Amino acid sequence: MVMAAGLGKRMRPLTVSTPKPLVRVAGKSLIDHVLDHLASAGIERVIVNVHYLADALEAHLLVADYPFDIVISDERGQLLETGGGLVKALPLINEDPFFCLNSDNIWLDGAQSCFDEMRRRWDDRHMDALLLLVPHSRAVNYSGVGDFHLDQVGRISRRRPGRVAPYIYTGIQLLSKRLLADAPSGAFSTNLLWNRAIAADRLYGITHLGEWFDVGTPASIEPTALRLQHG
């Protein structure tokens, strides 16, 4: 699933008339950067949720030439946030576990695809979610304080208030449908589901071995494009 329904407020003024997934970086829309990776990974079906300027995003996806089916999860009536969007799309998702990605992700893989590495590391006995995390040294444009810690076996814990955490969430995760069991209705954040999984010792992470780009504001577009251009 590709999460593409957000309002893109941090990317204004570019998103006043363009949905953030269609903002172009290095000659390509953000969502096409993501879809290209999914095509290379052999994904066969992609769910995309839409809300803000949904007609423009749907029109783009309608003519996109990718070797997989694209199915729309329509949130025009109500923006459901990340958790609510997952719950609404759940009847459309055929696989378990399944990948979930933010639509504004740009990354470069290391020696192998991050999807292959996440598939290899998935342990259904112990995991409800496996998050792809990146250390500060490989998070281009990022100036925050991090999100998570990892213990010796890969279990995730949250950053402590007032402290810096060594790992940043990339927006890429592999999820079991168990994570969504007894989820609330309406709009809510995936953080609620992650907190439950942390409490049950079932939220895990692995380290991304390539580079990841924080492309959240207009100011991040040019340096990202230059970095991609020069390899």
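Some points to look at:
- Inter-label distance for Asp201 and Arg76, nm, one decimal - labels placed 7 Å from Cα along Cα-to-Cβ: 4.8
- Centre-to-centre, using Cα atoms only, the stretch 1-60 and the stretch 123-147 are separated by 21 Å.
- Proximal lysines to Lys88, defined as alpha-carbon separation beneath 22 angstrom and excluding residues fewer than eight positions away on the same chain: Lys20, Lys177
- Theoretical FRET efficiency, 1/(1+(r/R0)^6), r = Cβ-Cβ of Leu92 and Leu7, R0 35 Å, to 0.05: 0.95
- Zone residues, the stretch 159-179, relative to Asn191, backbone N less than 20 Å from point 7 Å out along Cα-to-Cβ: 159-174, 179
- For the stretch 89-231, alpha-carbon Rg over 2.2 N^0.38 Å: 1.07
- Beta bridges per DSSP, both residues in the chain: antiparallel share near 55 percent.
- Once the Cβ-Cβ distance of Asp182 and Arg120 is raised to the sixth power relative to R0 = 30 Å, the FRET efficiency obtained is 0.50.
- Remark: the chain carries a charge dipole of roughly 820 debye about the Cα centre, counting +1 on each Lys and Arg Cβ and -1 on each Asp and Glu Cβ.
- Neighbours of Arg178 by Cβ distance under 15 Å: Lys/Arg scored +1, Asp/Glu scored -1, total -3.
Every number here is computed from the coordinates shown, using simple stated rules; none is lab data. Not measured: the values here are computed from a predicted model. Cβ atoms come from the backbone with ideal geometry, glycine included; neighbour counts cover every protein chain shown.
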